[in-house]
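Below: one structure, written as structure tokens.
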Amino acid sequence: MSQNTVANKTKVEHSVHRDDIGAKTGMWLFLFTELLLFVGLILVYVVFRANYSHEFHEAAGHLNVKIGVINTLILVTSSLTIVISLAKMQRGNVETASDYLWITIGIGALFLMNKFVEWFEKISHDYYPGSAYLKTLPNGESIFYSLYYSLTGLHALHVIIGMTIMAFIIKQISDGKITPDNHVKLENNALYWHLVDVIWIILLPLFYLTN
Amino acid sequence: MVESNLINSYLGNANSSGLKSWIFSTDHKRIGLLYLYCMMAFFIVAMLLGVLMRLELLQPGEQFISAKTYNQTFTLHGVIMIFLFIVPGIPAAIGNFVLPLQLGAEDVAFPRLNLLSWWIYIFGAILALTSLFGGGGFADTGWTFYAPYSINTDTNVSLAVLAAFVLGFSSILTGINFITTIHRLRAKGMGFFRMPLFVWGLYATGWIQIIATPVVGITLLLIFLERTLGLGFFDPTMGGDPVLYQHLFWIYSHPVVYVMILPAMGVISEILPAFARRTIFGYKAIAMSSMAIAIVGYLVWGHHMFTVGMSDTARWIFSLLTFLVAVPTGIKVFNWVATLYKGSIQLAAPMLLALLFIFEFSIGGLTGLVNGALSTDIHIHDTSFIVGHFHYTIFGGAGIGLMAAMHYWFPKIFGRMYSEKSAKTAIGLIFVGFNTLYFPMLIMGILGMPRRYHDYLPEYQPYHMVSTIGSWILVLGITIMIWNLVRSARKGEPAPDNPWGATTLEWKTPSPPPQLNFDYTPEVQTGPYDFSEILSKDANKKKQ
């Protein structure tokens, strides 16, 4: 017989199966697939950048490098605070861990505010897909702004999702479901937030530093 | 004994048999069946749409549906068959049921995520159905949603692509779940090279789902945004590039045909040893060829686009890679045939379906090489040859593979046997009907019959007529098969734990399995297809 079997458990108890490595494996696979979602759009960027390199150069000149760099600093800081939260949790400091998650949410909100201000400023100057002004410019510049809005928009959506998950994690910490012995959810949340961070670091040079 | 199995099994007793206990169940076996029932319902709808198209094509000229309705019909047929039936297909329905059992696990790694995948699938299905009734009617673009027509048409493309995006998300979550399960929940002693080959098929499939699906997800989302916001990526009047859409679409949609076929190949690799009483020939070669198909299959998408005006270099590289991807498939077919050599073959229903798979899929694979060659592809591009080839691979491969899986694991799933006689009648009709339906398409295509046309020149009529008659025979066969299985699920003879004399772990637990799959902790000491004990049992029976 090929797969010999040993009858050593007479009755199987129904227990919730806990596997932290499994949970992290799943998260890494999810991050991989998320990354590829962005890669699809970045592929579109690469093709049009090759076709319209001059127009992209022109259009990127209208973006404010300062806002882009400030937002990068903001997001990198938030990656630091969520790691501190995880470290506090691992050292048994549950309250502080929760506080640092609140701080991370706050910094995330700051990032979004900055982003929205930038978008609205651009839109009020008639820089949006299909606007009358963009139609007077060469095709490549209009495509640049389409890419700008779809990539930063998709990224902002991920920031919002990451913040929402943090809110759930805070709730679970206060309910005692996430403890220093069982904090894989917090760790996965931090992994996700780092992905959001990394993607922004890719987007910054693609749009702001092209000029 | 058997009756008590039924009561204690996952199928449940009185207090766990209501609708809620199914649609909110995190039991992988119940979720597998939920998928199976939904998929079957969608399959029947899409099959009837196919019959409708064949009826329209019985004679040249318009019979009873207009050109636009015809376009919508083949789009709906394609969208349902691809996104709602064959992509979730074997992994979500059969894989969900069998994977943890074959690994000796209690469930998948993330049972709640598994249930969520099913709900997302249902949500996507509802979106797709809603788009039928929304303004403009269902999309008339074909399931490929090629730009720029998909951006300009006033049919309801937006909802349809959104539905496909949602369904893709469900597929990704299933892939993540299965890969994690395979890495983390194998029974003690089961190394990667002691896993059953069906598990290997699901493993390779999971990777394709994770790597390829997000790309089409974002592409379809872009079609949606093009229609609502006018981004201009695929619109030439705004400096966009429609060919770029085709690239992005096929980067996913070619690998996804391997999502459809790899699990089916895994099923065949399970059935052949069980019914030939021989260990599989070339275990490692079959396992590794699944991975090779997954990797090389990612790099061949350009062969869908030989006529759009790519550079010659790109074309011959894509063509070369297409020929390369046929090699691992060939390896599998030779190994399967070698497994049968000197085996003690029983021609039971699952075995007949497995042989049918090899026959039809070989035709599908070889006609695929005709498409992959640059010069012949120019001749047959966009003809019904492509339609014939595609149905030989996907229906003749993945579809027949699903039928084989349903017959092979039927006793395990329901704890009952189906009628062997009805099963064989159905298989005979399916064999005749299938080839009568699709072979004329290959011939017509070479003679120049375009695909997706609702009218044609009179000279093609004999082929169309034969093809339409074939569709009737095929539908009759499928009807008998479904009737047989549905009836037997409730009224069939009780099945023993291991009716086929197979060796993998799912046959070492009661039929149907108890709620937590095993009453003991499974352990594994050798590879999955060692028949020495089964054979000595067979010999003892003969002596008596």
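List of remarks:
- Pairs exceeding a 28 Å alpha-carbon distance, out of B:LYS29/B:LYS537; B:LYS284/B:LYS421; B:LYS342/B:LYS537: B:LYS29/B:LYS537; B:LYS284/B:LYS421.
- Projecting label points 7 angstrom from Cα along Cα→Cβ for A:LYS24 and B:SER344 puts them 5.0 nm apart.
- Residue list for segment B:426-460, given a label point 7 angstrom along the Cα-to-Cβ vector of B:ALA67 and an amide N cut-off under 19 Å: B:449-460
- Long-range amide H partners of B:GLU523 with built H, under 5 Å: A:VAL6
- Estimated FRET transfer efficiency (A:ASN93, B:ASN152; beta-carbon r; R0 35 Å; 0.05): 0.05
- Relative packing of peptides B:472-479, B:292-299 - highest average C-beta neighbours within 10 Å first: B:292-299, B:472-479
- Spherically averaged projected area in nm², based on the convex hull that wraps the Cα atoms of segment B:384-453: 5.3 nm²
- Restricting the calculation to Cα atoms, the protein assembly as shown yields a radius of gyration followed by a Dmax of 27.4, 92 Å.
- Within 10 Å of each Cβ in B:222-234, the average number of Cβ atoms from other chains: 4
- Projecting the Cα positions of A:TYR100, A:LEU112, B:PHE431 onto the charge dipole of the protein assembly as shown (unit charges on Cβ atoms of Lys, Arg, Asp and Glu, taken about the Cα centre) puts B:PHE431 furthest along the positive direction.
- Dimensions of segment B:31-537 along the principal axes, based on C-alpha atoms and rounded to the nearest Å, stand at 70, 46, 45, largest first.
- Peptide A:31-42 is shielded by partner chain Cβ atoms: per residue, an average of 5 of them sit within 10 Å of its Cβ.
- In order along segment A:95-111, the phi-based Karplus estimate (6.51 cos²θ - 1.76 cosθ + 1.60, θ = phi - 60°) of 3J(HN,Hα) comes to 4, 4, 4, 4, 4, 5, 5, 4, 4, 4, 4, x, 5, x, 5, 4, 4 Hz; Gly and Pro are listed as x.
- Taking 0.36 nm per residue of sequence separation and removing the Cα-Cα distance, the B:LEU299/B:ARG227 pair yields an extension gain of 23.0 nm.
- Computed over chain A, Kirkwood Rh from alpha-carbon pairs, angstrom: 19.6 Å
- Taking a span of 27 Å or more along the helix axis (Cα atoms) and a mean Kyte-Doolittle hydropathy of at least 0.0 as the rule, the DSSP H helices of chain B that qualify are B:28-56, B:111-133, B:157-184, B:197-229, B:255-276, B:312-340, B:349-372, B:420-447, B:461-491.
- Charge dipole (Cα centre; +1 on Lys/Arg Cβ, -1 on Asp/Glu Cβ; no other charges) of segment A:21-207 amounts to roughly 260 debye.
- Exposure ranking of A:SER53, A:SER174, B:SER362, B:SER290 by accessible area [1.4 Å probe, largest first]: A:SER174, A:SER53, B:SER362, B:SER290
- Taking label positions 7 Å along the Cα-Cβ direction at both A:PHE116 and B:ILE469, the computed distance is 6.9 nm, reported to one decimal.
- A:LEU35/B:ASP455 FRET efficiency (R0 35 Å; Cβ-Cβ; nearest 0.05): 0.15
- Once both labels are positioned 7 Å from their Cα atoms along Cα-to-Cβ, the gap between B:VAL51 and A:SER53 label points is 6.0 nm.
- Basic side chains Lys and Arg get +1 at the Cβ, acidic Asp and Glu get -1 at the Cβ, and with that the dipole of the protein assembly as shown about its Cα centre reaches some 2240 debye.
- Note on surface exposure: B:THR425, B:THR383, A:THR96 rank B:THR425, A:THR96, B:THR383 by accessible area, highest first, 1.4 Å probe.
- Cα pair distances exceeding 17 angstrom across segment B:140-279, given as percent: 65 percent
- With R₀ set to 35 Å, the beta-carbon distance separating B:TYR37 from B:THR521 gives a calculated FRET efficiency near 0.65.
The values are calculated or read from the model by the stated rules, or taken from the named source; none is laboratory data. Not measured: the values here are computed from a predicted model. We place every Cβ from the backbone using ideal geometry, glycine too, and count neighbours over all the protein chains shown. Side chains are part of the model used for accessible areas, which takes the heavy atoms of the whole protein and leaves out ligands, DNA and RNA. Shrake-Rupley method; radii C 1.70, N 1.55, O 1.52, S 1.80 Å.
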